[in-house]
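Written below as structure tokens is the structure these notes are about.
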């Protein structure tokens, strides 16, 4: 925007300066071979007099088109910044990382040290689950949904039934679900205790012809 405040002559000289900055070993800086381009050299390259070059460079500087480093070398802020970002991205790319994402990740870890711990715990948890026997891949499935179902033993089932004071047979329950592969309808059972509650409710709905069951086995 500041360039539009300059005269056409000054803009033309700026184009010549940009061309030199683009091929400089320090991209974005008006120098060749490590030495800054003088006003006299710029005048020769642009085909103008030294006074004209000096006047147009002064106009560009007054309008904030370029900056100077600590040594007084003219440089284009955007060109120099983008070249630094390019070099950084190139180096990070060689190491297999996106510089922007890595920088944000590092800042997040510094600000919140628990972030990395949580990420590691989540990774380890998923790895343990997969080692537990999940087959066929887990793509598109939420981690919390990946659970390894462990059927109860007869002793565990009897203990739970006794604790809850249910009246159905543990042997019948176990035989039923072992036969159908621990399926309820078309879904794999995830909580056998929930099935016990369902059996208990169904058992209560049965006609009460004989209700002389005792809890001597508990």
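We did not get these values from a lab; they are worked out from the coordinates using the rules stated. It should be emphasised that the depicted structure is a prediction, and the values quoted were computed from it without experimental measurement. We place every Cβ from the backbone using ideal geometry, glycine too, and count neighbours over all the protein chains shown.
A few remarks follow.
- Site pair residue 179 and residue 70 shows an inter-label distance of 8.7 nm when each label is modelled 7 Å from Cα along Cα→Cβ.
- Gyration tensor verdict on region 154-205 (Cα atoms; rounded if a/c is under 1.5, prolate if a/b is larger than b/c, oblate otherwise): prolate
- Once both labels are positioned 7 Å from their Cα atoms along Cα-to-Cβ, the gap between residue 172 and residue 153 label points is 2.5 nm.
- Spin-label pair residue 58-residue 95: with each label point 7 Å from Cα along the Cα-Cβ axis, the two points sit 4.8 nm from one another.
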